[in-house]
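Dumping the structure here so I can ask a few things about it.
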C-alpha cells in the first residue's frame, strides 16, 4: 500500500490538471483544482505528486466515527433516540374520563404520555437485544420470547398516531409478513 498524501500536497491529475489536497477521508482525497474546483479522487487513482505533505490527518472523518458510535449505542445500550411527537399533539392534553360522573377526569400532558410510550418501546428493544445475545437461552426459547415482544409491539400500534415519523411506529406481526 502506498503512503497516503496529507492535506496541502500538490498534485497533477490527467483530467483535472493541477490541484491541492484539501481534505482526506477513509476512501479518497478531496482536491481543489485550479480549473475545475473541488473534486474527489479515490486513493487508488493514479496521480502525479508535485509536492507531498505528510499525512498527519486521521483518514476517518468525524462524521464516520459519529455514525458508527450512534449505531453501536443504538444497538447495545438503552440510550434512546430523539423521537418527535406529531405536531398536532404537541402541548396537548390527554383526558381520561371515567364512566361514573361522580368521579373527576384525569388530565395528563400528551408530551409526558408520549415520552412514557417511547421509553417503553426503547426498553422492549433492549430486552429484545438481551434475549438475542443471551448465552443461557436456547434458540427455541429465544424465538418464543421474541414472539411475545412482537405481540407487545402489535398491542402498542394504537399509539402510532402520536409519532411524527412513520419510520418510528410500532410494528406487530402483520408488518413482518
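Read-outs: derived from the displayed coordinates by stated rules, not from any lab. As the structure is a computational prediction, the values presented were derived from the model and not from experiment. Note that we place each Cβ from the backbone using ideal geometry, even for glycine, and neighbour counts take in every protein chain shown.
Could you sort the peptides 83-89, 130-136, 24-30, 36-42 by per-residue average Cβ neighbour count (10 Å cutoff), highest mean leading? List each step's numbers first, then the result.
Details: 83-89: 14.1, 130-136: 10.3, 24-30: 17.3, 36-42: 12.6.
By packing density, highest mean first, the sequence is 24-30, 83-89, 36-42, 130-136.
Answer rounded, prolate or oblate for the stretch 84-153, using the Cα gyration tensor with square roots of eigenvalues a ≥ b ≥ c: rounded when a/c is under 1.5, else prolate when a/b is larger than b/c, else oblate.
Values: a/c = 4.27, a/b = 2.23, b/c = 1.91.
Prolate.
A further question follows. Using 0.36 nm per residue of separation minus the Cα-Cα distance, give me the extension gain between residue 137 and residue 87 in nm, one decimal. Before the final figure, lay out each step's value.
Working: separation 50, 0.36 × 50 = 18.00 nm, distance 4.23 nm.
Length gained between residue 137 and residue 87: 13.8 nm.
Along Cα→Cβ, 7 Å out, is where each label goes; now give me the distance between the ones at residue 4 and residue 147 in nm to one decimal.
If labels sit at residue 4 and residue 147, their model points lie 5.0 nm apart.
Could you work out how much longer the chain between residue 22 and residue 46 gets when fully extended? Use 0.36 nm per residue separation minus the Cα distance between them, nm to one decimal. Working shown, then result.
Details: separation 24, 0.36 × 24 = 8.64 nm, distance 1.77 nm.
Length gained, residue 22 through residue 46: 6.9 nm.
Would you mind getting me the FRET efficiency between residue 119 and residue 66? Use the beta-carbon distance for r and R0 = 30 Å, nearest 0.05. All intermediate terms of the calculation are to be shown ahead of the outcome.
Details: r = 24 Å, r/R0 = 0.80.
So, using R0 = 30 Å, E works out to roughly 0.80.
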